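Student: I have a structure here, written as structure tokens, and I will follow up with some questions on it.
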């Protein structure tokens, strides 16, 4: 019985090279990649679209503004915690407070166990609080705290400054 050995990466790359060249593409070998990286130029201010530069300036300023946010230990949020906090705050803003069960059901943000841990961490950081309606004690509702609203206020004022300067 003969043993079939799969081709190595270099053999596969070499075999694919003529096909890629025929289609007008150059295979990505480390040498080609280095040549491409060496030839990269920074984006010029004379871009084809003024919106490209405006958007990139906006992103840059937003990144700097979020770095300048209050540097307290408890204000430091992981991106996933921030996404969950924003979901809860948006529902609260629409006058439809989110229940813990609904928050745990946000599958795009993680598994139920992970989301429950994030809710607990956000409550410990005093970014979220829960309340029960007097007529129905079974459901716990999540609402942002004053600390969260202060953080959003800071980011909103930075965004207003950025948008005034960006365009």
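Student: Between residue 152 and residue 120, with labels modelled 7 Å along Cα→Cβ, what's the label distance in nm to one decimal, could you check?
Tutor: Those two pseudo-labels are separated by 2.6 nm.
Student: Which whole-percent values make up P(r) of region 81-134 when all C-alpha to C-alpha distances are grouped in 5 Å steps starting at zero?
Tutor: Result, from short to long distances: 5, 19, 34, 27, 12, 2, 0 percent.
Student: Further question on the same structure: Dimensions of region 50-166 along principal axes (Cα, Å, largest first)?
Tutor: 53, 28, 27
Student: What list do you get for 49, 157 if you sort them by fewest beta carbons within 10 Å? Please report the intermediate quantities before stating the final value.
Tutor: Numbers: 49 8, 157 11.
Fewest-to-most Cβ neighbours within 10 Å comes out as 49, 157.
Student: Using 1/(1 + (r/R0)^6) with R0 = 30 angstrom and r between the beta carbons of residue 96 and residue 164, what's the FRET efficiency to the nearest 0.05? Don't skip to the end; give the middle numbers.
Tutor: Values: r = 32 Å, r/R0 = 1.06.
The pair residue 96/residue 164 has a calculated efficiency of 0.40.
Student: Taking 30 Å as R0, compute the FRET efficiency from the Cβ-Cβ separation of residue 138 and residue 78 and round it to 0.05.
Tutor: Values: r = 30 Å, r/R0 = 1.00.
Between residue 138 and residue 78 the formula returns 0.50.
All of the numbers you see were taken from the coordinates with simple rules; none came from a lab. From a predicted model like this one, the values you see are computed outputs, not experimental measurements. All Cβ positions, even for glycine, are placed from backbone atoms using ideal geometry, and neighbour counts span all protein chains on display.
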